[in-house]
Amino acid sequence: MYRVNRVSVRLLVVALSGLAAACSSGGEKKKTTSPKAAAPTTDHVLTRRGSVFNHQWAMDTLWEDGLAEVATYDAERMVYGEPRKFEYTIITVKEEFNAQYNVKTDDYQRKDVFPVMKVNEFCAIPTENYPYHYLTSLFFRRDQPTMLHKMTTSSQEWCGNTFKAITDEGLHYNQSYNSYWDGQGAGRRQLRREALFEDALPYVLRTMRFERKPSFTVPVYELQQTSQAKVPQLYKALVITEEALPNDTTEPAWRVTVSLQEQKQNVYWFAKRYPNLLLRQTTWDGRTLLLKQVRRFAYWPQRSPRPDTTAAVGRPLT
């Protein structure tokens, strides 16, 4: 009886060993093949090097002078069903971020510092009831002018204030919001990463390789500079580039049409000369911009004065 059990045990051990080897072999094969199959594609119009966008656009030494480009526009926007006239300011400047707090650093000796381009868009819109105030801050890594790194936008008026923040989480954008509107309140949501935001078009589009007159489609999220915090609509936009007509602008320019969908068309005019400043803008919902002045100066307080260089529209900066 003992010998039979001993043989049975040996046979069982051999069978289990064979099964374990088979399982181990199959497991190792899956480990070597599955990462390749799961690798995400990076061939996208926003990230493709040497294609539509010039990823070295912001690396020009112009942005190393320690000054900000401050462009002031005569603007209009529909509020309460009426076109409201006001002044709109777009500030573009290079800053150094640190990775720990994801904001402008005070310590430039840190090891986690990296350069970004900041684009601030500000306006105060008067109405007969009360004024509206908007401030949107967009940040792009300096060598990635098409991919939003971070955005915050806020609105303030007598009904309340709304704040939205979008951050790049690697595989997607994370949006957090706090709104005074019923049905919205406070919350979080994920947004598609390889997409543009309508708020960013005045900066992103100026980094195109205009001389190629590119035409392409790209996902675009609707304008975030509002008091609403609803789920943003994602358009499949058609972008077409062509030379502007001589009477369209005060200097030679490119005309870029962004068709979000039928009956929703935005048009942007960018100067041909670097840094391809936005000269004019019209949008389907009645927002217009017309450049009236651009300056390079340090708008933040500092101990010693910085040079203030003002350029009239259509004349080169010095």
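Values in this text are rule-based calculations from the coordinates and carry no lab data. The structure presented is a predicted model; accordingly, all values stated were derived computationally and were not measured. Quick reminder, even Gly has a Cβ in these numbers, built from the backbone with ideal geometry, and neighbours come from all protein chains shown.
Once you've got the Cα coordinates, tell me which of Lys94/Lys272; Lys104/Lys236; Lys236/Lys272; Lys272/Lys292; Lys150/Lys213; Lys164/Lys272 are over 25 Å apart.
Lys104/Lys236; Lys236/Lys272; Lys150/Lys213; Lys164/Lys272
State, as an integer percentage, the relative contact order of the range 57-311 based on alpha-carbon contacts under 8 Å between residues 6 or more apart. Intermediate values should be presented prior to the final figure.
Details: 580 pairs, mean separation 39.8, N = 255.
Across the range 57-311, relative contact order equals 16 percent.
Which of the peptides 139-152, 122-135, 62-75 is most tightly packed, and how do the rest follow, judged by the mean count of other Cβ atoms within 10 Å per residue?
Result, highest mean Cβ count within 10 Å first: 139-152, 62-75, 122-135.
Please work out the Cα center distance from the range 239-296 to the range 121-181, rounded to the nearest Å.
Centre-to-centre distance over Cα atoms comes out at 22 Å.
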